Each structure stands twice: as structure tokens, then as C-alpha cells.
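Below: the structure, in C-alpha cells.
What follows draws every value from the coordinates through simple rules; no lab data is involved. Quantities reported herein were computed from a predicted structural model and do not represent experimental measurements. No Cβ is skipped: glycine too gets one built from the backbone with ideal geometry, and neighbour counts run over all protein chains shown.
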Amino acid sequence: MDERTYTADAEPGDTVTVAGWVHEVRDLGGIAFLILRDTEGKIQVKFEVEEMDDELVETGLNVHRESVISVTGDVEEEPRAPTGVEITPESVDVISEADPELPLDPSGKVDAELSTRLDNRTLDLRKDEVKAIFEIRAEVLRAVREQFRDLGCTEINTPKIVATGTEGGTELFPITYFGQEAFMNQSPQLFKQLMVGSGLERVFEIGPIFRAEEHNTPRHLNEATSIDFESAFADHTEAMDACEAVVKAAYEAVESNCQDELVALDLADEFEAPEGEFPRLTYEEAIERINATGELDEPLVWGDDLPTEGEHALGQDVGEHYFITDWPSEIKPFYIMDKDDEVSTGFDMMHPEMELVSGGAREHRYDHLVDGFEQQGLDPEAFDYYTKMFKYGMPPHAGWGLGGERLIMTMLGLGNIREAVLFPRDRQRLSP
Ligand code: ATP
Ligand code: MG
């Protein structure tokens, strides 16, 4: 728009045109206030009913909440106004009138259920605290990209429509591809591994993953954003170092650059970027510590996956981000490199509340890899496009995948992962 001024930039003495949404109108009789909101903030517009042009007053006081308007007028200092300034309007233009029946109240005075909010995400995102989540999400992704560049990675984009799943036929969404069966990709795992054998060597990808998980939990989505890293000539400990650097960079960027958003979320006082190294516990230590908490009915034994209550008990005990290393080979995927017959190089990185990352060194020896497919009950032929590249010079390598929404969710203490996605996909939700 021509010469539009953001509310935050309106200085006393200026004549400005501001444009945005009608946040509220307060009619006090002889005087009335319209609060106009834009992406930068809010500003008060004052109507002196007796003194001003009737039509102007009429327009300003009868416009429905959440309509889009523009106001031209002089900015004056006014200590009693919410931002210390107010506009005396010369003209008010109603650009897009809102229906008086709103499906939810963007001023936040009336709480709405999450499902109502998600059905009306555009209105929901007019709230400062909701908008703040997505401003922070954007900053996290920016910082993560920068950190990956500092780690010498090249950003890649791999296909999301694939012929085979990474981990077999479960949890896959089938689609029809020109009459042929295809799937939405669960993970860029195999493609990113192929890149470490290419001239690129060290790569990252930020992209969607699709998982046809049956369960409906506060921390699972059917379409999530995976932050993936893979590096040639790196072992699992170097992959863990990179993981720690990326997560810390995300927190530090939010702490430095998102103070207004943290205030909107009421987190400014408690937000802390993690300091020091994330503790690294072996799987064996982890199950011992979980058993020692007495939280589980049945003690865990070697080979058990960690149940959610176990993860939680351990998270409370550790109290900060931490790694679990040395997982039993039998419960890690076929592409993870083993240390010996029982123990793998697989690791998980945990927030006290939940798993954020799975990673490890990868099996790069062709024969072992093909055996792994067979042991997992998968047909190596179907993965020929992947395995055959291991015959032509594949370096040792390691990497990980970090759930983008889980990172945001745990960072901001959100109760539901759906809060961190604009338009979440879950068992019930395919639209909007
Ligand atoms: P979980 O056991 O918590 O379901 P997973 O071990 O099945 O996770 P991985 O395959 O290890 O998940 O994926 C790596 C990371 O991607 C996870 O640690 C998590 O942060 C994220 N992730 C995986 N599946 C989902 C999902 N359905 N929704 C949101 N994030 C997910
Ligand atoms: Mg995992």
C-alpha cells in the first residue's frame, strides 16, 4: 500500500496512514477509542464525537471488530493511550468489513478450544501469543540453517514421493502414482545417506515427513518437519556434537532475537538456553536409573524399548537435555552401525519431556547392509537403488533426525505439538 506506516513507527508530530484490523472499539459517550492492530503492534485512534465530522465518527464507531481499515491522521503523544501515542483521524476507510459473528475472539478475552482455533487458524494467528510461536519457529529454522552452514553442510531437498518406505510397510501412506503404488516418504534417511557418498559429503535437510501412525498423542503428527543431518567420515560421537550444537544454536537465537515473542508467551523470565554439555548416558545406565525411580510396574530389562512413563521418569531425574547411547542393536533400525553383536552406535537425544532426535553411525559395508535388510524382513531388491551405491565407494558416516515441532514444543513448553504447526495433520484433521 502507498505510504502505509506500521503502528510501531507512528511518531508524535507525524501525519500517517496506518492500516490493519479493528481490535476493539470503546465508546465512552462523548469520546470513543478504536484500537487498530497490525503485525507490529496496536495504536489508539481517538474520536471526539461532538467535534468531528459525523460521517467519520459514524464509520469509526460502527465498524465491526476484525474488519480491515485504514486510518489517516495526526499522531500525538497521549500518556493514557496503551502505547503512549494516539491518532486523531482525518479519514477512516473500511477496506474489508468483518462479519459481526466471529468463530473465535482474536482479542483473546474468550478462550477457544484447540480444535476451534485450528479450524480458524487465520483468526487464531491474530493473537500475539499464537503469532509469537510462529515467529519463534521461523527464527529457530533460520538459526538451525546458519548452524548447519557453520558445520560445513550443504542444504538438500530429497523426494517426498517414494517407491518404498525406509522402515518397511508399516506407518506408510500409500498413494497412486500414475497407476503405480507409491508412498509419502517417512524420512529422508536413505536419500541423505546416498549424499554422503556423493561429492557433497555433509548435508542437511529441513522438510516434511509423513507417518501413518495410528496413535493420537500430544506429541505425534501425521505430517511433521524433520531436521536431518548426515556426514561422511563422522562417527556417532561427532554426530552427537553436531546435534548438540544445532539445538543450542536454536535456543540461543531465540534468547537473543525473540524477547518480544517470549514476553507475549509469558516466558521471558524462565527461558534459558541450555549450557554445558548434554549428559551422555548409556542405554544400560538409562534403564537402571528408570528402574531405580520405581515409577514402572515392571522393571525394564535389556532389549526393552523405553516406555513413555520410563522416558518421563528419567527426564525428571536428569532434568536437562541428554543423550541415550549404546542402544541394543535389536531395537535400532538395520542401517545403524553396530559396535558389537549386541550394542549399536544408535543414540537418542532427549528433552526431559520426550525424545527429540534419533541418530547413529551408519552401516556402510555392502554385505552387512544387505544382511541387515534380510534380518529386518525387508526385500533388499526393493532397495536396490540404495544398496547398490554402497558397492561404489561409500565412506563411513553418521547422522540424525530431529523433530522440528518437538523442538519448538519443548522449547516453549507447549502442551500439544499441534500448537507448533500452522495446519496440523492428525487422525481427525485433514483440513484446513
Ligand atoms: P517416537 O518413538 O517418539 O514416536 P520415533 O523414534 O518413532 O519417535 P524417529 O523415527 O526416531 O521417531 O524420528 C526422529 C525424530 O523425528 C523423533 O525423535 C521425533 O522428534 C520426530 N518424529 C518422529 N515421528 C514423529 C511424529 N509422528 N510426529 C512428530 N515428530 C515426529
Ligand atoms: Mg526414534
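Data table
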{"quantity": "DSSP-assigned coil residues among chymotrypsin sites (Phe, Trp or Tyr not before Pro) in region 91-184, each with at most 13 further Cβ atoms within 10 Å", "calculated": "Phe178"}
{"quantity": "Loop sites in region 8-59: GluC sites (Glu not before Pro), DSSP, at most 10 other Cβ within 10 Å", "calculated": "Glu50, Glu51"}
{"quantity": "Neighbour-count order for Tyr6, Tyr392, fewest beta carbons within 10 angstrom listed first", "calculated": "Tyr392, Tyr6"}
{"quantity": "Cut-off 10 Å between beta-carbons: net charge of the residues surrounding Leu123, Lys and Arg +1, Asp and Glu -1", "calculated": "0"}
{"quantity": "DSSP-defined beta bridges in the chain - what % are antiparallel, rounded to 5", "calculated": "90 percent"}
{"quantity": "Euclidean distance of C-alpha centroids, region 292-353 and region 180-242, integer Å", "calculated": "20 Å"}
{"quantity": "Charge sum, other residues only, whose C-beta stays under 12 Å from Val246's C-beta, Lys/Arg counted +1 and Asp/Glu -1", "calculated": "-3"}
{"quantity": "Kirkwood hydrodynamic radius (C-alpha pairs) into Stokes-Einstein, region 7-96, 37 °C and 0.692 mPa s, D in µm²/s", "calculated": "260 µm²/s"}
{"quantity": "Local electrostatic count at Tyr366 - Lys and Arg +1, Asp and Glu -1, tallied over other residues with Cβ under 15 Å", "calculated": "-2"}
{"quantity": "Relative exposure of Asp54, Asp9, judged by other C-beta atoms within 10 Å (fewest first)", "calculated": "Asp54, Asp9"}
{"quantity": "Helical mean residue ellipticity (222 nm; -39500 (n - 2.57) per DSSP H run of 4+; nearest 500) of the chain", "calculated": "-8500 deg cm²/dmol"}
{"quantity": "Computed Rg/Rh of region 321-367, alpha carbon atoms with Kirkwood Rh", "calculated": "1.02"}
{"quantity": "Three semi-axes of the equivalent ellipsoid, the chain, Cα gyration tensor, whole Å, largest first", "calculated": "52, 23, 20"}
{"quantity": "Residues Lys192, Lys131, sorted so that the one with the fewest Cβ neighbours within 10 Å comes first", "calculated": "Lys131, Lys192"}
{"quantity": "Within a Gaussian network of the chain (alpha carbon springs, distance under 10 Å), most fluctuating of Ala138, Ala32, Ala163", "calculated": "Ala32"}
